[in-house]
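> Below is a structure I'd like to ask you about.
Each reported figure results from applying straightforward, stated rules to the coordinates on display, with no laboratory input. These figures come from a predicted structure and were not determined experimentally. Cβ placement follows ideal geometry from the backbone for every residue including glycine, while neighbour counts extend to all protein chains displayed.
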Amino acid sequence: MKRKVLAGLFFLFTLAALPQKVTVVSPNQKISIALYNQQNKDIGEWYIKVNFISNGNNCEAIPRINLGLSRSDQDFSKDLKFLKAGKPLQVTEQYSALHGKRSQCNNLANETVISFENPGKSKLNLIIRAYNDGIAFRYEFPEK
């Protein structure tokens with residue numbers, strides 16, 4: 001019985017110990033987005049997790065978003081090689097709303113650009129933003 005409990009604890013510890021590659025945190029420090037590799041390496045399939053702090057407790061908002069995509073000419077979903085992560089930048093945007101309580105609005109976020117390479121040596125950038133009230137990510141092909 002003790003061996004089963006120890007094996008179970010080791011398994012849970014191993015799952016909890018999977019290191020994230022990159023973390024982006026919102027300006028108010030309440031939302032965090034972490035990048036993980038399925039195979040726990042620098043190459044393979046990637047995903048992000050989103051957590052938020054509510055009443056002092058760390059809660060999992062989105063357990064997993066699988067990353068990658070396939071274009072008609074190339075695949076960017078498997079065997080992506082992590083190249084680098086840029087320094088986090090604070091993004092401040094101002095815009096005019098057509099409708100609503102205010103005509104002038106502000107967006108504040110922290111952003112990081114993460115560069116990958118597929119087996120064909122084509123590049124893919126993942127741009128992740130953490131806002132105080134949400135997240136966003138998009139793909140960019142620097143060679144196009």
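> Nearest-5 percent of antiparallel DSSP beta bridges in the chain?
Counting only bridges with both partners in the chain, antiparallel ones make up about 100 percent.
> Here is a further query. List, in order, the whole-Hz ³J(HN,Hα) value for each residue of segment 79-92 obtained from phi through the Karplus relation with A = 6.51, B = -1.76, C = 1.60 and θ = phi - 60°; use x for Gly and Pro.
6, 6, 9, 5, 9, 6, 10, x, 5, x, 10, 8, 10, 10
> Also, quick follow-up: Mind giving me the nanometre distance, one decimal, between the label points for ASP75 and GLN38, set 7 Å out from Cα along Cα→Cβ?
It is 1.0 nm.
> Using the count of nearby Cβ atoms within 10 Å as a rough guide to exposure, how do THR23, THR112, THR92 rank from fewest to most?
Fewest to most other Cβ atoms nearby, the residues stand as THR92, THR23, THR112.
> Please list, in order along segment 52-61, the HN-Hα scalar couplings obtained from phi with the Karplus expression 6.51 cos²θ - 1.76 cosθ + 1.60 (θ = phi - 60°), rounded to whole Hz, x for Gly and Pro.
These are the phi-based 3J(HN,Hα) values: 9, 9, 10, 6, x, 9, 7, 10, 8, 7 Hz.
> Please work out how much length the chain gains when fully extended from LEU83 to PHE141, using 0.36 nm per residue of separation minus the C-alpha to C-alpha distance, in nm with one decimal.
Gain on extension, LEU83 to PHE141, equals 19.5 nm.
> Here's another thing I want to ask about it. In a Debye calculation with equal point scatterers on the alpha-carbon sites of the chain and no solvent, what is log10 I(q)/I(0) at q = 0.13, 0.19, 0.21 Å⁻¹?
-0.70, -1.15, -1.26
> Below 8 Å, C-alpha to C-alpha, sequence gap of six or more: please give me the relative contact order for the chain in percent.
Dividing the mean separation by the residue count of the chain yields 19 percent.
> Using a Gaussian network model of the chain whose springs link C-alpha atoms within less than 10 Å, name the residue from LEU67, LEU124, LEU83 with the highest mean-square fluctuation.
LEU83
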